[in-house]
1. Which one of these is closer than 19 Å to Tyr12 by Cα and of a type outside the set (Lys, Arg): Ile42, Ile76?
2. Taking the conditions exactly as written (among the charged types (D, E, K, R), part of a strand (DSSP E or B), touching a residue at least 60 places away in the same chain (Cβ under 8 Å) and surrounded by 15 or more Cβ atoms within 10 Å (Cβ to Cβ)), does Arg5 satisfy them or not?
3. Which ones in the range 114-139 are among the polar types (S, T, N, Q) and either at pLDDT 90 or above or part of a strand (DSSP E or B) (or both)?
4. Which of the residues belonging to the range 44-55 are closer than 12 Å to Ser134 by Cα and not small (Gly, Ala, Ser)?
5. Regarding Trp46, is this residue over 19 Å from Leu93 (Cα atoms) and aromatic (Phe, Trp, Tyr)?
6. Could you please find all residues in the range 33-42 being assigned to a strand (DSSP E or B) and loosely packed, with under 15 Cβ neighbours inside 10 Å?
7. Against the conditions (1) closer than 16 Å to Leu6 by Cβ; (2) touching a strand residue (DSSP E or B) at 6+ places or on another chain (Cβ under 8 Å), where does Ser124 fall short? Just the number, please.
Amino acid sequence: MTVARLGTDSEYLMVSGWPEAGVPTQAEVRLSLGGLTATTTIEAHWSGGFADLAAYFNDLESNWRGWKGTKTWKSIEGDLILSAQHVSGRMQLRVTIERPRLDPGNDVWKAVGDMTIELGEELSQVARDIAAFSSGSQA
């Protein structure tokens, strides 16, 4: 199993999956902040797998000195949204995970949390892990 984890032991964003031969088609995403834990499965883009997610984290890592505005990545079905801002030498990452209404009922939910990430080796490692996951290689 390939795992990319950003944050501390108790507060983190984790992306994991079981890539078989080739590009993975799904990933499990878990957000854990304080007493909140939200988990969902996201689908890969039909034409590029999770290459766009790898490019997003690579861009954040490459611009560790700073950027203006918000850099956002959204999964193909909109059930995961990552929004990063550079604030005082750190990254503020807003994570939105939601389970959209697929069938009538009360199973719709949304979890939103903010994380402060030190820029440096932790972000570099996550960028490498996501790139390995998106290519189907073992990290």
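The values are calculated or read from the model by the stated rules, or taken from the named source; none is laboratory data. Just so we're clear, the structure is a prediction, and the values are computed from it rather than from any experiment. Heads up, the Cβs are rebuilt from the backbone with ideal geometry, glycines too, and the neighbour counts pull from every protein chain shown. When the accessible area is computed, the model is the full protein with side chains, heavy atoms only, and any ligands, DNA or RNA have been set aside. Shrake-Rupley method; radii C 1.70, N 1.55, O 1.52, S 1.80 Å.
1. Working: Ile76 fails: closer than 19 Å to Tyr12 by Cα.
Selected residue: Ile42, the only one of Ile42, Ile76 that is closer than 19 Å to Tyr12 by Cα and of a type outside the set (Lys, Arg).
2. On the way: among the charged types (D, E, K, R): yes; part of a strand (DSSP E or B): yes; touching a residue at least 60 places away in the same chain (Cβ under 8 Å): yes; surrounded by 15 or more Cβ atoms within 10 Å (Cβ to Cβ): yes.
Yes, satisfied.
3. At the first step, the residues of the range 114-139 found to be among the polar types (S, T, N, Q) are 116, 124-125, 134-135, 137-138.
Thr116, Ser124, Gln125, listed by residue number.
4. Selection gives His45, Phe50, Asp52, Leu53.
5. yes
6. Leu36, Thr37, Thr39, Thr41, listed by residue number.
7. Evaluating Ser124 over (1) closer than 16 Å to Leu6 by Cβ; (2) touching a strand residue (DSSP E or B) at 6+ places or on another chain (Cβ under 8 Å) leaves (2) as the failure.
Conditions (1) assigned to a helix (DSSP H, G or I); (2) in contact (Cβ under 8 Å) with a residue 60 or more places away in the chain; (3) open to solvent by 20 Å² or more (accessible area, probe 1.4 Å), marked per residue:
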{"residue": "Leu31", "(1), (2), (3)": "no, yes, no"}
{"residue": "Ser47", "(1), (2), (3)": "no, no, yes"}
{"residue": "Leu53", "(1), (2), (3)": "yes, yes, no"}
{"residue": "Gly66", "(1), (2), (3)": "no, no, yes"}
{"residue": "Lys71", "(1), (2), (3)": "no, no, yes"}
{"residue": "Ser83", "(1), (2), (3)": "no, no, yes"}
{"residue": "Val95", "(1), (2), (3)": "no, yes, no"}
{"residue": "Val112", "(1), (2), (3)": "no, no, yes"}
